[in-house]
1. Considering only the stretch 23-59, how many residues are in a helix (DSSP H, G or I), small (Gly, Ala, Ser) and open to solvent by 30 Å² or more (accessible area, probe 1.4 Å)?
2. I'd like the full set of residues that are assigned to a loop (DSSP other than H, G, I, E, B), aliphatic (A, V, I, L, M) and within 19 Å of the chain's Cα centre (by Cα), limited to the stretch 1-22.
3. Are any residues in the stretch 12-35 touching a helix residue (DSSP H, G or I) at 6+ places or on another chain (Cβ under 6 Å) and under 30 Å from residue 212 (Cα atoms), and if so, which ones?
4. Taking only the stretch 80-105 into account, find how many residues are open to solvent by 40 Å² or more (accessible area, probe 1.4 Å), in contact with an Asp or Glu (Cβ under 8 Å, 6 or more places away or on another chain) and in contact (Cβ under 8 Å) with a residue 60 or more places away in the chain.
5. Just give me the residues in the stretch 136-182 being modelled with pLDDT under 90, more than 15 Å from residue 203 (Cα to Cα) and surrounded by 13 or more Cβ atoms within 10 Å (Cβ to Cβ), in sequence order.
6. Please work out which one of (1) of a type in the set (Gly, Ala, Ser); (2) at pLDDT 95 or above; (3) within 18 Å of residue 162 (Cβ to Cβ) is the condition residue 39 fails and give its number.
7. Return yes or no: is residue 132 modelled with pLDDT of 90 or more and among the small types (Gly, Ala, Ser)?
8. Could you list, in sequence order, the residues of the stretch 108-133 that are assigned to a helix (DSSP H, G or I) and either buried (at least 23 other Cβ atoms within 10 Å of the Cβ) or among the polar types (S, T, N, Q) (or both)?
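The values are calculated or read from the model by the stated rules, or taken from the named source; none is laboratory data. None of the values given here were measured: they were computed from a predicted structure. Here the Cβ is made from the backbone with ideal geometry for all residues, glycine too, and neighbour counts use every protein chain on show. We work out accessible area using only protein heavy atoms, side chains counted, and drop any ligands, DNA or RNA first. Shrake-Rupley method; radii C 1.70, N 1.55, O 1.52, S 1.80 Å.
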Amino acid sequence: MTDVYWLEQTEEDMPVTDDWLSTNEAVFLHGMRFAKRRADWRLGRWTAKLATAIYSGMSMGREGLRRIEILPDASGVPKVFCDNEPSSLCISLSHRAGMAICALAPSGIELGCDLEFIETRSDSFLTDYFTAEEQEWVAQFAPAARSQLLALLWSAKESALKALHAGLRLDTREVSVSVADFGLSDSGSHAWRSLQVCYKNKWIFRGWWQQTGNFVRTVVSAPPPPAPIFLKIRALESTPAIPA
């Protein structure tokens with residue numbers, strides 16, 4: 001098994017200025033037309049850079065974060081570069097409702113993560129994007145639990161599609177999710193619980209899910225990971241950190 005690490009940040013956690021972005025990133029950010037997209041992109045980059053710096057023992061000060069770039073490859077998968085050189089790290093990003101998550105691991109695995117907000121969904125959302133078995137399972141629950149389960153299943157699908165480097169280009173009804181220990185009574189628990197995602201009965205990803213408040217997060221990988229490890233933020237500094 002390969003350890004997977006994660007970090008979450010909110011819009012309130014970010015600096016007001018953009019001097020932690022590289023020159024290329026700053027140019028890209030200011031070229032975006034829509035404020036919502038700029039805010040989401042900025043939050044995702046902040047979270048990914050901070051996670052990379054913590055994991056790698058690099059400085060989390062502005063100069064240190066400028067050395068880290070998160071650039072998409074040809075398929076859109078985010079890749080880490082340090083001092084203009086490709087890093088061996090594998091990352092996955094997601095943002096929702098002013099919060100972002102970054103999952104991170106050494107290279108050599110297929111990794112995906114997703115963050116979803118629990119909200120009421122239409123009946124067409126259920127029929128358009130979920131398997132017949134998933135629809136039957138969701139229908140067994142009362143409305144509040146149904147919204148929670150839909151968010152969880154959708155998040156797991158998104159995580160697996162990211163691990164496949166495909167995103168929503170694939171039919172989500174060909175992605176089936178099995179979840180352990182689902183129940184509204186334990187929705188306040190912060191513990192990670194296991195899940196499995198299968199694509200076309202061929203690709204199988206195992207992973208974990210967690211709920212805090214109205215947010216559900218999932219992390220999957222192949223090979224399967226142990227429960228994700230939270231990255232603890234050191235006090236921000238301008239000099240390189242000494243690895244433990």
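1. Step one: of the stretch 23-59, the residues in a helix (DSSP H, G or I) are 23-30, 35-56.
In the following step, the residues that additionally are small (Gly, Ala, Ser) were identified as 26, 35, 39, 44, 48, 51, 53, 56.
Filter once more, so that each one left must be open to solvent by 30 Å² or more (accessible area, probe 1.4 Å): 35, 39, 56.
Qualifying residue count for the region: 3.
2. Within the stretch 1-22, the first condition is being assigned to a loop (DSSP other than H, G, I, E, B), and the residues that meet it are 1-4, 14-22.
Keeping just the survivors that are aliphatic (A, V, I, L, M) gives 1, 4, 14, 16, 21.
Residues satisfying the conditions are 4, 14.
3. 14, 18, 20
4. 1
5. Matches in the stretch 136-182: 182 only.
6. Here residue 39 meets the rest and fails (3).
7. Numbers: modelled with pLDDT of 90 or more: yes; among the small types (Gly, Ala, Ser): yes.
So residue 132 fits the description; yes.
8. If the condition is that a residue be assigned to a helix (DSSP H, G or I) and either buried (at least 23 other Cβ atoms within 10 Å of the Cβ) or among the polar types (S, T, N, Q) (or both), then 124, 127 are the ones that fit.
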